[in-house]
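The values are calculated or read from the model by the stated rules, or taken from the named source; none is laboratory data. The structure displayed is predicted, hence computed values, not measured ones. Here the Cβ is made from the backbone with ideal geometry for all residues, glycine too, and neighbour counts use every protein chain on show. Ligands, DNA and RNA are excluded from the accessible area calculation, which covers all protein heavy atoms including side chains. Shrake-Rupley method; radii C 1.70, N 1.55, O 1.52, S 1.80 Å.
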Amino acid sequence: MDTPLLTVKNVKTYYPVKTGFMNLQTSYVRAVDDVSFEIYEGETLGLVGESGCGKSTLGRTIIGLEPLTDGEILFDGKPMNFRTDRVSLSKQIQIVFQDPYSSLNPRLTIGDLLAEPLTVHNIVPRNEIQQEVTRLLQLVGLSETAKARYPHEFSGGQRQRIGIARALALRPRLIICDEPVSALDVSIQAQIMNLFKQLQRELGLTYLFIAHGLGAVKYISDRIAVMYAGKIVEMGTAEQIFKNPQHEYTKKLLGAYPIPDPTKRSILTQQ
Amino acid sequence: MFGYILRRLLIAIPVLFGVTVINFIIMRMAPGNPIDMLVSPKLPDAAREAKAIELGLNDPVYLQYWNWLKNLVMHGDLGYSMYTSEPVVSMILERMGPTLILMGTALVLGLLIAIPLGILSATKQYSKLDYIFVTGSFLGISIPNFFLGLILVYVFAVQLSWLPSGGMKEVGGDGGFGTLLVHMILPIIVLVANVAGRNIRYVRSSMLEILGQDYLRTARAKGLKELFVVNRHALRNALIPIVTIIGLEIPILFGGAVVIEQIFSWPGIGQLTLSSIMNRDYSTLMGLNLVAAFVVIAANILTDIVYAFVDPRIRKSYVGGAK
């Protein structure tokens, strides 16, 4: 537990705003503004915040899908240029996207979708690719018959399982879960959350779990970071955040979190 | 899939029938008749009458149509030209080759230019390159065929004398591949400007739509190289709507042939169509109309079939899930 698996140091992701006749750059949108945190091997860091606070941008910046404006990201203690090393880094860090309906190429079968990263990165020898695809499908609780089918033939929960299998294909050490359950039904959400937990136990994965609600994050996270307007306003263990929130925004967020059990509801509203 | 094609072919029969009926009626409503074009005005009325009876022009219109249809269905015969007395089938076949050479080359070259430029334009949206391509394609669409054709003839044939102004070979020459190529340059430029101009925009907008899709981000997250992401994931999805448009390009080219072939004296279907209209050559026109209608229908059916092959979701619904 000495070196963190991922260190994010003063990371900024700004988008230029261009207006006017000559497309002059007038200002920036500070999507991620000076964020720092660490994730240790095997733990889950939950990242919560309202829509538009920059949490997804942060996740995409970490795997190099968005250009880093300023700051430093260290993986396994080594500084990484995520813009130039995007291809090789994808083997270490993977992402599960929010919307399982639009994030799978509709023209490729599930077998092709899963085989593609395996071939591109030479994860397994060519003749073992089919077995590996089957193994991945079984890992996320799908049967081998899914191989020949197309994404539109699956339900949302099944598609998210495919999305997870796809992320696992490269055998990454860190998985960024970018609101992986918010597009799903509540009953399916629980299944997928349990799958994440089970995979973490079996494969020793590290998660950065992004969500806009506290419910999902509380269930899965060891530590929680609360993000507001591009900055992390509070970070602590799940217990600290829920029992003793420090920042005003965290308190508001907790107040908005519905408690399914009416007898427990009163405890929170008193705070 | 086979049943689907068969169904489409069966539907084509009443469509073709309807097209010939309408064409026949329109043709007969137009002023003028073949006799005036064929014989000297000085000929006595009795002789003109005899010629009209010989050509069957004095029969009621419905009977003339019936005779034409009966001849086609029973013998597969389109009759004889009222102007040259040659068999219509052989006249059309003779003109088909030059038209296919011209249109086929224009279509292939146009797409070879449009697809890469469209992709480049989309991947580098709002760059200088994008603006150049979009403006160029706008010009290609906007300039009328005949106008660009005449300018090219004026500059390259009349002023510079670099290229021939028309025809497929020199007068009295025996042709050959080299001469054919030289004669093709100008008409091909005109047609390609149009085809490429139109399709650059289709490819660009289709690619832009796909490039914004979430699954391209997934492909990048997989660690695929950018070229691979664009070619394998984006282009293949973008090609689905483009295939439809390419299919519709064939009838457009066929129609454009009439103007282009006239300007460049290209001995093809278009030129034959125009001269047949001038001569009120009813029987040849009926044959040409039938061919044109057939081309349009065939292009549509072909598009649907190709569509099924490029989109696995549609293909699967035809095959019925068996794979």
At what distance in angstrom do the alpha carbon centres of the range B:131-162 and the range B:240-307 lie from each other? 23 Å
With a cut-off of 20 Å, note down the residues of the range B:65-93 whose backbone N falls inside the zone around a label point 7 Å from the Cα of residue B:25 toward its beta carbon. B:65-70
Please give, to one decimal in nm, the separation of the simple spin-label points placed at residue A:10 and residue A:229, each 7 Å out from Cα toward the Cβ. 2.2 nm
Might you tell me the accessible area per residue for the range B:2-75, computed with a 1.4 Å probe and given in Å²? 70 Å²
Please report, as a whole percent, how much of the solvent-accessible surface of the range B:2-75 comes from carbon and sulfur atoms (probe radius 1.4 Å). 71 percent
Taking Cα pairs closer than 8 Å and at least 6 residues apart, the relative contact order of the range B:93-319 in percent is 26 percent
Return the average number of partner chain Cβ atoms within 10 angstrom of each residue Cβ along peptide A:102-110. 6
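Quick one: plug the Kirkwood hydrodynamic radius of the range B:123-171 (C-alpha pairs) into Stokes-Einstein at 4 °C, 1.567 mPa s, and report D in µm²/s. Please list the in-between numbers first.
Values: Rh = 13.1 Å.
Answer from the Stokes-Einstein relation: 99 µm²/s.
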I'd like the FRET efficiency for residue B:298 and residue A:30, computed as 1/(1 + (r/R0)^6) with the beta carbon distance as r and R0 of 45 Å, rounded to 0.05. 0.15
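For the range A:39-82, report the translational diffusion coefficient in µm²/s to the nearest whole number, using Stokes-Einstein at 37 °C, 0.692 mPa s, and a Kirkwood Rh over Cα pairs. Could the numbers behind the result be given before it?
Numbers: Rh = 11.9 Å.
D, rounded to a whole number, is 277 µm²/s.
Can you tell me the dipole magnitude for the protein assembly as shown around its Cα centre, using point charges on the Cβ only (Lys, Arg +1; Asp, Glu -1), in Debye to the nearest 20?
Using only the charged Cβ atoms, the result is roughly 1060 debye.
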Could you give me the radius of gyration and the Dmax of the range B:2-75, taking only the C-alpha atoms into account and expressing both in angstrom? 17.4, 60
When the convex hull of the Cα atoms of the protein assembly as shown is projected onto a plane and the area is averaged over all directions, what value comes out in nm²? 39.9 nm²
Calculate, for residue B:70 and residue B:177, the FRET efficiency according to 1/(1 + (r/R0)^6) with r their C-beta to C-beta distance and R0 41 Å; round to the nearest 0.05. 0.40
Give the lysines whose C-alpha is closer than 23 Å to that of residue B:222, dropping any in the same chain fewer than 8 places away, or say none. A:55, A:78, A:91, A:147, A:197, B:124
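Going by a ≥ b ≥ c, the root eigenvalues of the Cα gyration tensor, does chain A fall in the rounded group (a/c under 1.5), the prolate group (a/b larger than b/c) or the oblate group?
Details: a/c = 1.64, a/b = 1.22, b/c = 1.35.
Oblate is the answer for chain A, as a/c is 1.5 or above yet b/c matches or exceeds a/b.
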What is the distance, in nm, between label points placed 7 Å from the Cα along the Cα-to-Cβ direction at residue B:265 and at residue B:143? 2.3 nm
Surface share of carbon and sulfur [accessible, 1.4 angstrom probe, percent] for the range B:93-319: 71 percent
Any idea what the relative contact order of chain A is, in percent, if you count C-alpha pairs under 8 Å spaced at least 6 apart? 24 percent
Accessible area buried at the A-B interface, both sides summed, 1.4 Å probe (Å², nearest 100): 2400 Å²
Compute the convex hull volume of the Cα atoms of the range A:39-158, divide it by the residue count, and report the result per residue in Å³ as a whole number. 152 Å³
May I ask for the Kirkwood hydrodynamic radius of the range B:93-319, worked out over all distinct Cα pairs and given in angstroms to one decimal? 19.5 Å
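Using helices alone, what [θ] at 222 nm do you get for chain A, with -39,500 (n - 2.57) per DSSP H run of 4 or more residues, divided over all residues and rounded to the nearest 500?
Values: 10 runs with 95 residues, N = 271.
Value at 222 nm, helices only, nearest 500: -10000 deg cm²/dmol.
How do B:52-65, B:190-203, A:151-164 rank on mean C-beta neighbours within 10 Å, highest first? Could you put the intermediate results ahead of the total?
Numbers: B:52-65: 13.5, B:190-203: 23.9, A:151-164: 20.3.
Top of the packing list down: B:190-203, A:151-164, B:52-65.
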Let's test the formula: R0 of 22 Å, r as the Cβ-Cβ distance of residue B:306 and residue B:2. What FRET efficiency results, to the nearest 0.05? 0.90
Starting from the 7 Å offset along Cα-to-Cβ, what nm value, one decimal, do you get for the label separation of residue A:171 and residue B:208? 4.4 nm
